[in-house]
Amino acid sequence: MQPPRVPTSNLPGVTWPAVPAPAAVTRLALQYQLAESQWWPPETLLRHQFQQLSVLLAHAWKTVPFQRQRLKAAGIRPGQPIGPDEWERLPLLTRQDLQDSGAALQSRRIPKGHGKAQTVVSSGSTGTPVTTLITELTDFFWQVITLRNHLWHRRDLTKKFAAIRKFKNPATNYPQGRMTKSWGASAGLVFATGPSLALSIAASVEQQVEWLQRQNPGYLLTFPSNLLQLATHCEQRGIAFPDLVHVLTMTEILSSEVRDACRQAWGVPVTDMYSAQEVGYIALQCPDHEHYHVQSEVALVEVLDDDGRACAPGEVGKVVVTALHNFAMPLVRYELGDYAEVGEPCPCGRGLPVLRRIVGRVRNTLVAPTGERYWPSFGSRKFAELAPIRQHQFVQKTLETIEARFVTERELTPEEEQKLREHILSRLPCPFELTFTYHDEIPRSAGGKYEDFLSEVAT
């Protein structure tokens with residue numbers, strides 16, 4: 001028996017246009033298709049994905065010499081059926097491949113119907129950004145999945161939508177930020193929406209809170225690390241935003257600590273999105289659970305172990321993505337550098353594959369002296385109880401040493417330092433030498449990202 005569908009005609013704040021404008025028609029048509037395909041069994045989804053892959057690979061063979069060589073070596077030819085067995089023979093495409101051979105990966109003949117091409121540069125949180133090429137069609141599918149996300153989570157589109165993240169436009173700077181009339185093309189071309197607000201993440205936490213109090217949005221989009229600071233600041237001072245009903249996060253790893261902090265400070269849930277600039281949307285949080293559904297209609301996502309085999313539920317492996325509609329620069333079996341845990345089929349009934357959690361990159365793993373790797377959790381929610389910590393970051397310097405970097409409201413007492421040290425060491429899988437250093441600020445990357453742990457131990 002197929003699960004009941006969300007009654008989209010009764011979504012809060014949604015007024016369906018009696019006669020849709022031309023720009024809205026295709027978006028509405030795609031939403032109708034997505035409303036059906038999300039319930040398909042996994043086998044049906046996979047079959048449709050390979051049908052699309054056959055078209056994508058035939059295009060890559062004809063117009064991308066770099067990919068033609070890889071396809072040839074794997075024994076894949078245009079017009080021949082392709083399935084999981086043939087697919088697994090294709091080698092993975094790495095970030096280094098993109099950096100070394102970027103132009104050679106671009107199509108020499110983009111289909112006219114895909115629109116104009118544009119360049120996208122990743123934020124380069126590792127210091128090594130990559131450049132990719134996308135089309136208007138690629139951007140269209142991004143907008144379609146963005147709207148799916150709003151509809152899945154039954155957002156009231158008439159409310160204010162505020163975003164605090166990295167912006168290039170100086171008009172987003174504090175104190176005013178920038179206001180536009182709608183939530184953007186993804187929702188605004190289809191429905192009547194409230195305004196959207198944008199503030200640069202360069203603003204201090206105090207400035208962000210003051211801005212949010214003035215704007216009083218219904219929805220807030222920001223990075224998890226910034227959200228934790230906002231929620232902690234507001235909880236300590238009893239600051240609330242009366243209209244806030246939901247928080248959205250993106251770009252960084254979302255921990256259970258951040259979810260808990262948001263509930264304690266404002267009593268609202270957090271919904272996460274998993275995407276990458278090179279490939280677009282990868283997964284969205286389920287409307288009914290805190291795990292993620294792979295967006296199979298736009299991407300084939302694999303989670304592989306160190307031997308290249310598909311991970312079973314409960315196993316953690318590297319994330320490999322193929323964007324199904326980027327014909328300008330087909331990224332086939334692209335190894336993102338992220339790790340994720342595979343989940344069981346979802347009780348909600350959707351056939352879309354499940355990622356239980358996104359755990360981060362290799363550089364975010366703690367390396368024990370034995371060589372074993374761990375995804376560390378330092379219990380940072382407790383820091384504020386032990387000492388006036390404003391910002392923190394942990395850096396593994398060697399197999400035996402970790403540097404704890406802190407921004408504090410004042411100089412810590414020896415007792416506070418000792419309690420912090422005991423708490424942090426209790427969260428580690430084995431003994432480490434822990435060094436405290438103090439800073440005026442711990443900067444974000446060029447793309448506004450922030451990592452609370454990273455390892456400098458050679459991998």
Of all the accessible heavy-atom surface of the chain, with the other protein chains kept in place and a 1.4 Å probe, what percent is carbon and sulfur?
-> 52 percent
Suppose every K and R has +1 on its Cβ and every D and E has -1 on its Cβ; what is the size of the dipole of the stretch 63-215 about the Cα centre, in Debye to the nearest 20?
-> 380 debye
Have a look at L57, G83, T44 and report the one farthest towards the positive end of the charge dipole of the stretch 39-103, computed about the Cα centre with Cβ charges (Lys/Arg +1, Asp/Glu -1).
-> L57
Dipole magnitude of the chain about its Cα centre, charges +1 at Lys/Arg Cβ and -1 at Asp/Glu Cβ only, in debye to the nearest 20?
-> 1880 debye
Taking Rh as the Kirkwood radius computed over alpha-carbon pairs of the stretch 31-80 and applying Stokes-Einstein at 25 °C with viscosity 0.890 mPa s, one gets a diffusion coefficient in µm² s⁻¹ of 199 µm²/s
Using modelled amide H (1.01 Å from N, peptide plane; none on Pro or chain starts), what sits under 5 Å from the amide H of S200, excluding residues fewer than 5 places away?
-> N173, Y174
Amide H neighbours of T271 at under 5 Å, excluding residues fewer than 5 places away on the same chain, with H built from the backbone geometry, are V247, L248, T249
Cα-based convex hull, the stretch 351-409, per residue volume (Å³, whole number) = 128 Å³
Accessible area per residue, Å², the chain with all protein chains present, probe 1.4 Å = 46 Å²
Which one, [x] 37; [y] 30; [z] 42, gives percent of Cα pairs over 34 Å apart as derived from the coordinates shown?
-> [x]
Of all DSSP beta bridges in the chain, what percent run antiparallel (nearest 5)?
-> 60 percent
Two-site label geometry, D440 and D306: point separation in nm, points 7 Å out along Cα→Cβ = 4.4 nm
Low-density loop positions, trypsin sites (Lys or Arg not before Pro), the stretch 138-179 - DSSP coil, at most 15 other Cβ in 10 Å | K168
Measure of size requested: the Rg and Dmax of the stretch 326-452, with Cα atoms as the atom set and Å as the unit; please supply both.
-> 18.6, 60
The value for the stretch 75-115 (convex hull of the alpha-carbon atoms, volume per residue, Å³) is 135 Å³
Whole-Å semi-axes of the ellipsoid equivalent to the stretch 175-252 (Cα gyration tensor, √5λ, descending) | 23, 13, 12
For K318, K112, write out the residues from largest to smallest accessible area, computed with a 1.4 angstrom probe and no ligands counted.
-> K112, K318
Karplus (6.51, -1.76, 1.60) ³J(HN,Hα), θ = phi - 60°, over the stretch 373-380, in Hz, Gly and Pro reported as x = 10, 9, 9, x, 9, 9, x, 5
FRET efficiency, 1/(1 + (r/R0)^6) with R0 30 Å, evaluated for R178 and V120 via beta carbons = 0.90
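The values are calculated or read from the model by the stated rules, or taken from the named source; none is laboratory data. Every value quoted in this text rests on a predicted model; they were computed, and no experiment measured them. Glycine gets a Cβ as well: all are built from the backbone with ideal geometry, and neighbour counts include every protein chain shown. Just so you know, the surface numbers come from the protein's heavy atoms only, side chains and all, with ligands and any DNA or RNA stripped out. Shrake-Rupley method; radii C 1.70, N 1.55, O 1.52, S 1.80 Å.
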